[in-house]
Amino acid sequence: MRRSRAIIFVSLLCAMTIAAPSWAQLRSPLGQVGLPRVGGVVGGLVDEAGDTLDQAGNLLERQARDLLRLRDQQLARLLRQNRDRIERDATGSLARRGELLSVGISPDDLNSLKRARFAVIAQETVEGLDLQITRLRVPVGMDLAKAQALAAQIAPGTDISADNLHWQSESLAAGKGAVVLPGLLAAQARITVEVPIGIIDGAPGPAIRVTGRKGFATGALLPSDHGSAVASLLHGEGASRLWVADVYGSDPAGGNALAIVQGLGWLANNGCKVITISLVGPRNTVLERAIRRAQQRGVVVVAAVGNDGPASPPAFPASYDGVVAVTGVDRKGRALIEAGRALHLDYAAPGADVYALNARGKSVKLRGTSFATPLVAIRVAAAMANGGKWQTRLDAQARDLGPKGPDKRYGRGLLCEGCGKKK
């Protein structure tokens, strides 16, 4: 009987995904490929099915592959709609059209690239990171993938990458009877954390108070539901000094690696000791170098593993060395079945039935690893404020789930277990 219920549940789940692929969670900055916000429905089905999921492993594996296929379909759709701004790089990932990024390129290599008809768009030293980035225009008539390969041949010892796009990974569904609740979360904060926390995302709405904000994309600062939710979750759990880098604005190619690097440097330059990033994308050598430079300056980066399912490629920046990788669980401590994966996993936090504010200041119910991530970030900041080794403090707070000890599903345990509940 339990086996039959599991099969029925997963069959319904497959039908839901085909009709409305909510778990792929791929959202363009303008929402052209924003997916139906049915996270609450998915969460309800999971709760009703209960432990029968454990008996449907093989079917869920097939479902995970379906998630990956649907993710690719959404990427293809975004590309079709924005071919003037976006194209595929050498790995097939989406990136800003006609541009490459380089870190610390030598004058000789740069001259060689110029002779091959590459052009310098701009050179800048990123504030807060002391990192020199050169933007290169690819030769006229050459696609990005071929230009990438050619640049690697000309300057093999230089870090050159496409300006890859990153996606907000979430499922944002308004709760029943949602009402305007400006300032409610902050008013009921359980702790006060003075350590400055940075957010790389979309801009928050006016209902969420922040210390500073700056745009790094066309059309920024533009309030977004996703950025508002992340900021209000941090505010609601006691963060008193929030800085926000809007890397999306209204740009179809927003969320690119360069914008994230610039935002990272600006946040570090303003004293942020913890930076939370609920975005996912492919590996990018320029962004990886920037994160490493921030870490060398004492910044802890916390990032989501995404919501593209366990068959998806490893999520970045969560998979970069030293980044605190976060997954999500439901209110019963079960791992979100849509959670993505990273090359390592540090902690889990509530990622279902989490409440925060959207861009209009309304209380909404959230689902996704995007919203587990700031809940871990606030605990990192609180541990830093108490001095000593923050990770030792967090490990002592974490509740072990799954097999004894660290594991690939829950990391080193569940943090902030009561966080994000409706106030």
Just how far, in whole angstrom, is segment 63-94 from segment 344-423 if you go by their alpha carbon centroids?
30 Å
Just how much of Met142 is accessible, in Å², when a 1.4 Å probe is used and the result is rounded to the nearest 10?
50 Å²
Between Glu124 and Gln73, what is 0.36 nm times their sequence separation minus the Cα-Cα distance? Round to one decimal in nm.
14.8 nm
Given labels modelled 7 Å from the Cα in the Cβ direction, how far is it in nm from Arg83 to Asp143?
1.1 nm
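What do you reckon, how do Glu194, Glu338 stack up by accessible area (1.4 Å probe), largest on top? It would help to have the intermediate numbers written out before the result.
On the way: Glu194 105, Glu338 0 Å².
Order by accessible area, largest first: Glu194, Glu338.
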Cross-link pairs Lys273/Lys389; Lys273/Lys362; Lys273/Lys404; Lys214/Lys273; Lys362/Lys421; Lys214/Lys421 - those with Cα-Cα distance over 23 Å:
Lys273/Lys362; Lys273/Lys404; Lys214/Lys421
Give the aspartates and glutamates whose C-alpha is closer than 18 Å to that of Lys408, dropping any in the same chain fewer than 8 places away, or say none.
Asp54, Glu61, Asp308, Asp321, Asp330, Glu338, Asp346, Asp395, Asp400
Using the Cβ atoms and a cut-off under 11 Å, what net charge is assigned to the surroundings of Arg69, where Lys and Arg are +1 and Asp and Glu are -1?
0
Label model pair Ala116, Glu194: point-to-point distance (7 angstrom along the Cα→beta-carbon line) in nm is 5.3 nm
FRET E, pair Ala396, Arg65, Förster distance 41 Å, beta-carbon r, rounded to 0.05
0.60
Excluding ligands and nucleic acids, what accessible area in Å² is computed for Tyr248 using a 1.4 Å probe, to the nearest 10?
10 Å²
11 Å beta-carbon shell around Leu258, net charge (K/R +1, D/E -1)
-1
What is the calculated FRET efficiency for Lys422 to Ser250, with r their C-beta to C-beta distance and R₀ = 25 Å, to the nearest 0.05?
0.20
Could you give the spread of the C-alpha atoms of segment 247-307 along their three principal axes, from largest to smallest, in whole angstroms?
32, 22, 19
Judged on accessible area alone, 1.4 Å probe, highest first, Ile208, Ile160 line up as Ile160, Ile208
Where Lys and Arg each count +1 and Asp and Glu each count -1, what net charge lies around Leu394 among other residues with Cβ under 12 Å from its Cβ?
+3
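The values are calculated or read from the model by the stated rules, or taken from the named source; none is laboratory data. Since the model is a prediction, treat every value here as computed from it, not as a measurement. Cβ atoms come from the backbone with ideal geometry, glycine included; neighbour counts cover every protein chain shown. Note: areas computed on protein heavy atoms with side chains; ligands, DNA, RNA excluded. Shrake-Rupley method; radii C 1.70, N 1.55, O 1.52, S 1.80 Å.
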